[in-house]
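Note sheet for the following structure.
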Amino acid sequence: MTELLDTRAVGTDLPRRDGPAKVAGAATYANDTHVDHPVYCHPVLAAVPRGRVTSVDTGGLRGLDGVLTVLTPEYGERLASTEDAELAVLQDGRVAFRGQVVAAVVADTPELARQAADLVRVDYERQPHDVTLSADRPDLYAPDKVNPAYPTDTGAGDVDAAMRDAPVTLDQTYTTPMLHNNPLEPHATTALWEPEGPGHLTLWDSTQGVHPVRETISTVFGLRAQQVRVVCPFVGGGFGAKGTAHAHVVLAAMAARAVPGRPVKLALTRQQMYSLTGYRTPTIQRMRLAADPDGRLRAIAIDVVEQTSRIKEFAEQTGLPTRVMYAAPNRRTTHRLAALDVPVPSWMRAPGECPGMFGPEVAMDELAAALGIDPVELRVRNEPEVAPESGLPFSSRNVVGCLREGAERFGWAGRDPRPGVRAEDGWLVGTGVAASVYPTFRQSRSTATVRFAGGRYVVEIGAADLGTGTWTTLAQIAADALGAPVEGVEVRIGDTEQPFASVAGGSSGMATWGSAVVEAARAFRDKFGADPSDGDEADGSVGENPDAKRYASYAFGAQFAEVRVHADTGEVRVPRLLGVFAAGRIINPRTARSQLIGGMTMGLSMALHEQSVLDPRTGHVVNHDLAEYHVACCADATGVQAHWLDEHDPHLNPMGSKGIGEIGIVGTAAAVANAAYHATGVRVRDLPVTADKLLVSAG
Ligand code: MOS
């Protein structure tokens, strides 16, 4: 049990403290950083998917005034560590995927750098490549673990036997496509080496964690952590794409070293992000369900096939939701990977849980239809009493509460279960439901300091605000832990000069940093009481949560969608999307709602639009910009509503909060696909749910 905070500021909808600066254009993002006499770096990307660079010809740059240098594999700096192959920029001429960095130009202006990069002529020795994922590849392998450290395969009982014996079974395959994060702010790094000492590097980097970037970059360059400072007060979205340092950060630092005394700015173009900043692997999910006539599951199984790059493994944990959602005596989850000549996949909002809820939650809808049981009811009937695989009790589990409250708010009662029977003005209308789940993490390393200065408290922690609200919510937590008014608390984040903070990832940020802030505030109070003097200071760190081993902790939710499909054109619209979540105590309803609605909208986008198209002949993502990679816009998301249950969980952290950055996207696509089925009678098992699939299958 954790001693819970008495709340006053926590739970109020304090407006974002960073709002005015952002609205006024005064918030400095990485590429806005003011530095004296900057120069600009533009990378040259591999035009072949596999091979070797044989020559880099810069003859075409003659006569271009203002090009300072061209970095090539031959002349590039040798890095101290090349263990992470994604970050081993320009270390040799090997090309492992199309769009890998093979050279870079540094020039006086960004326009000139880009023009010059186009004029650099790179010749290659091509090798045969293979970028095609399929479930019957002979070279599929089982990784040692799946992200971040879960077992690859799990199981109990005998799924095959249950599938043979059960009166009702389902055996279907679902797929989710390659998907790319598209934060509004493209990745950018400004790098400056100071001449003093043995080398001191400052990076203004758009990142989800200044301290993790410092650790990564100091290792790559063979520096002590203290020789690297990373600064990032504002981030224009990350979603996981900025959760780890990618190659461009190394390149920016390398380029700055090549032009002594000059700071280098590197801003990736939107198109370059499609090969350099990670993506969600495509998944192939074979689902099997076996059930009694009353809907009770006898077996649940998911066998996942997905891809990774040949040079670095990322194994998405797609089978995870199936391990915790429903009770069933016979169960199995497996992950198999194909290592291909493709860019390195990585985190994208709710890696694992998000794609991994599509197959299971559509399968549950199919099972409900086959059994003639309401899909809400089917889920309720399969509620486990304890975590189905670990046997641990849940620290709190309110998925049924979310389903019931969502059904009530959405107007689910009385729904005609027959598909394709409701039409209004030429539109087929349907409704669908799916559950959501996301694990509740708290990292074991983060420190905060509290100081009293100039009549107010100053709280420092090197945390990140991706647009999520950290500037505001940490002040609320600190105020309550200090027993002070929130106006009297200033928060400082986003700089490695501040104490260590873990990455804003896995929806763990607030739980982790907030815990450290509470520790620091309690230490401050113990030392100085409620009447501190100027300069008083205390720090506090988060530690292991002993309850993490005794309880299974997850946020849950239920999402309801209304889908309209035009009977003639197949156009799909989602006029209503309603989510109810059980995510512990909500620190700030305003910023929380924004995150939940954002996650749901991203899920709607995944359901209807998003799909990266990888050309098998070239290994190139052909729709690599926002003109052709469609993301939901305001007109698509007119009726997105997020609600939450009042949930108290004493086993997590002093705030009693669960993460909310990712749960909103989990299950959304299944709810939409299920509603599209209900509208049309066409079952789409391969995302996205586009007009062609509804029409072709119908015909
Ligand atoms: Mo999030 S994908 O855990 O950064």
The correct count of residues that are within 16 Å of the ligand (Cβ to nearest atom) and out of contact with any helix residue (DSSP H, G or I) (no Cβ under 8 Å at 6 or more places or on another chain) in the stretch 470-520 is 5
Q) Does at least one position in the stretch 132-144 carry a residue that is touching a Lys or Arg at 6+ places or on another chain (Cβ under 8 Å) and farther than 24 Å from Arg288 by Cβ? A) no
Selection over the stretch 316-351 where residues are over 18 Å from Ala241 (Cβ atoms) and away from the ligand (no atom under 14 Å from the Cβ) yields a count of 22
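Residue-wise test of (1) farther than 30 Å from Arg8 by Cα; (2) outside the structural domain of Gln559 (by TED's automatic domain parsing); (3) touching a residue at least 60 places away in the same chain (Cβ under 8 Å); (4) not in a loop (DSSP other than H, G, I, E, B).
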{"residue": "Gln595", "(1), (2), (3), (4)": "no, no, yes, yes"}
{"residue": "Met602", "(1), (2), (3), (4)": "yes, no, yes, yes"}
{"residue": "Asp625", "(1), (2), (3), (4)": "yes, no, yes, no"}
{"residue": "Glu628", "(1), (2), (3), (4)": "yes, no, no, no"}
{"residue": "Thr638", "(1), (2), (3), (4)": "yes, no, yes, no"}
Here the qualifying pairs (Cβ atoms under 7 Å; residues six or more apart or on different chains; first in the stretch 224-238 and in a loop (DSSP other than H, G, I, E, B); second polar (S, T, N, Q) and more than 14 Å from the ligand (Cβ to nearest atom)) come out as Arg224/Ser218; Pro233/Thr28; Phe234/Thr28
Residue hits (the stretch 650-669; among the aliphatic types (A, V, I, L, M) and assigned to a strand (DSSP E or B)) are none
Scanning the stretch 546-569 for residues that are β-branched (Val, Ile, Thr) and open to solvent by less than 40 Å² (accessible area, probe 1.4 Å), the one nearest to Leu596 (Cα to Cα) turns out to be Val563
message: Can you say whether Ser444 is in contact with a strand residue (DSSP E or B) (Cβ under 7 Å, 6 or more places away or on another chain) and either part of a loop (DSSP other than H, G, I, E, B) or open to solvent by 20 Å² or more (accessible area, probe 1.4 Å) (or both), as far as the supplied structure shows?
response: no
Assess whether Phe528 counts as being open to solvent by less than 10 Å² (accessible area, probe 1.4 Å) and more than 16 Å from the ligand (Cβ to nearest atom). no
Of the residues in the stretch 619-661, those that are among the hydroxyl-bearing types (Ser, Thr, Tyr) and surrounded by fewer than 15 Cβ atoms within 10 Å (Cβ to Cβ) come to Thr638
For the stretch 376-385 the number of residues that are open to solvent by 60 Å² or more (accessible area, probe 1.4 Å) and over 19 Å from Ala290 (Cβ atoms) is 1
Note: among Val682, Val672, Val689, just one is hydrophobic (A, V, I, L, M, F, W, C), in a loop (DSSP other than H, G, I, E, B) and out of contact with any Ser or Thr (no Cβ under 7 Å at 6 or more places or on another chain), namely Val689
If you go through Val264, Val250, Val259, the only one that is touching a Cys at 6+ places or on another chain (Cβ under 6 Å) and away from the ligand (no atom under 16 Å from the Cβ) is Val264
Boolean, Ala370 is in contact with a strand residue (DSSP E or B) (Cβ under 7 Å, 6 or more places away or on another chain), within 23 Å of Met606 (Cα to Cα), in a helix (DSSP H, G or I) and more than 16 Å from the ligand (Cβ to nearest atom) | no
Of those in the stretch 642-664 that are farther than 16 Å from Asn398 by Cα and more than 21 Å from the chain's Cα centre (by Cα), the residue nearest to the ligand (Cβ to nearest atom) is Asn653
Note on Tyr40: of the conditions (1) among the hydroxyl-bearing types (Ser, Thr, Tyr); (2) free of Cβ contacts under 8 Å to residues at least 40 places away in the same chain; (3) surrounded by 20 or more Cβ atoms within 10 Å (Cβ to Cβ), unmet is (2)
By my count, strands (runs of 3 or more DSSP E) wholly in the stretch 76-176 with at least 2 residues that are on the phi < 0 side of the Ramachandran plot and open to solvent by less than 40 Å² (accessible area, probe 1.4 Å) are 101-107, 168-176
The condition from (1) open to solvent by 20 Å² or more (accessible area, probe 1.4 Å); (2) within 16 Å of the ligand (Cβ to nearest atom); (3) more than 21 Å from Val399 (Cβ to Cβ) that Glu610 misses is numbered (1)
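The values are calculated or read from the model by the stated rules, or taken from the named source; none is laboratory data. All values reported here derive from a predicted model rather than from experimental measurement. FYI the Cβ positions are ideal-geometry reconstructions off the backbone, even for glycines, and counts take in every protein chain you see. Just the protein is used for accessible areas: all its heavy atoms, side chains included, with ligands, DNA and RNA removed. Shrake-Rupley method; radii C 1.70, N 1.55, O 1.52, S 1.80 Å.
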